[in-house]
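J.: Okay, here's the structure, questions in a sec.
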Amino acid sequence: MPLRALSKSPIKRNDVFQEVLRRLDTLASDSSYKPGDRLPPERELADRLGVSRTLVRQALKLLEAAGKVTSRIGSGTYIAEPGTMRQANLISFTVPQVVTREYMFKLIELRSIIEQEIFGIFCRRHTEKQIEELVTLLEEERRDTSSDDEMIGLDLSFEERVGIFIDHEPLYCVQKQLHQAWIMAWTRYGYFPDDKEVLHEEHFGLLKALLRGDCDDVTARVRAHVERAYYTPSFNPDRPDQPRRPVKPAAK
């Protein structure tokens, strides 16, 4: 399928995510694609745009939340069939155009509950091969993501892979919708809660706890990882010991 709808002109760094989202939206709307057609792989799209896979992945999540594309585990991203909007992410519909701290508190709380449950299940019944896949994923992301890529703080591919591994479709569906709402809410709120090094350090810490079989430590680490946004000074003005990292609001 041709990529003529996807411009190769350079993207300015100050509005990179918005531009990636706009271009992928244009691609998905191009007449050369029909409902059910598969979009190119994330890596190919990232190479075409000259950005990281993280940016492409998060933009596709927002397009899926809007009912424009659908993702299939182990297969890729496809143009949504007519009527998919009726099945679009209901959690994302709760994200206000002007996101408040009160709303973010509720979303952080909900995601903490869901991720703890998913990782608790995974800790009790993971396989050695799955752990190896997670290690490979983190190493690839460390190599793939540039140090100035602000969207790394919203990269949820590690948690999503664990959600797939537990083979619990209802719980994975809730996690997937939460991740889409998470990206939308934080970009509208105005800053990203993590950075590259912190994200990788916490994910590798989770892997070590999983290898030890310490499920209590696993769930404690997941809770601390998700709820750390409560206590970052950028989010909590009562602790102004860290500069705010502003971003442009997400597409409406």
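The values are calculated or read from the model by the stated rules, or taken from the named source; none is laboratory data. Remember, predicted model here, so these are calculated numbers, not experimental data. No Cβ is skipped: glycine too gets one built from the backbone with ideal geometry, and neighbour counts run over all protein chains shown. Accessible surface areas use protein heavy atoms only, side chains included; no ligands, DNA or RNA. Shrake-Rupley method; radii C 1.70, N 1.55, O 1.52, S 1.80 Å.
J.: Out of the residues in region 200-213 that are open to solvent by 40 Å² or more (accessible area, probe 1.4 Å) and in contact (Cβ under 8 Å) with a residue 40 or more places away in the chain, which is nearest to the chain's Cα centre (by Cα)? Write out each step before concluding.
T.: Here is the first cut: in region 200-213, the residues open to solvent by 40 Å² or more (accessible area, probe 1.4 Å) are 201-202, 204, 208, 211-213.
Pick out the ones that are also in contact (Cβ under 8 Å) with a residue 40 or more places away in the chain and you get 204, 211, 213.
On the way: 204: 18, 211: 24, 213: 26 Å.
Going through the qualifying residues, I end up with 204.
J.: Take region 61-75 and flag every residue that is over 21 Å from residue 168 (Cβ atoms) and either of a type in the set (D, E, K, R) or loosely packed, with under 15 Cβ neighbours inside 10 Å (or both).
T.: 68
J.: Name the residues in region 5-53 that are in a loop (DSSP other than H, G, I, E, B), closer than 28 Å to residue 158 by Cα and modelled with pLDDT of 90 or more, would you?
T.: The answer is 36, 37, 39, 40, 41.
J.: Another one. Tell me, which helices (runs of 4 or more DSSP H) wholly within region 139-213 include 2 or more residues that are modelled with pLDDT under 90 and among the hydrophobic types (A, V, I, L, M, F, W, C)?
T.: Values: elements: 157-165, 169-189, 196-212.
Correct list: 169-189, 196-212.
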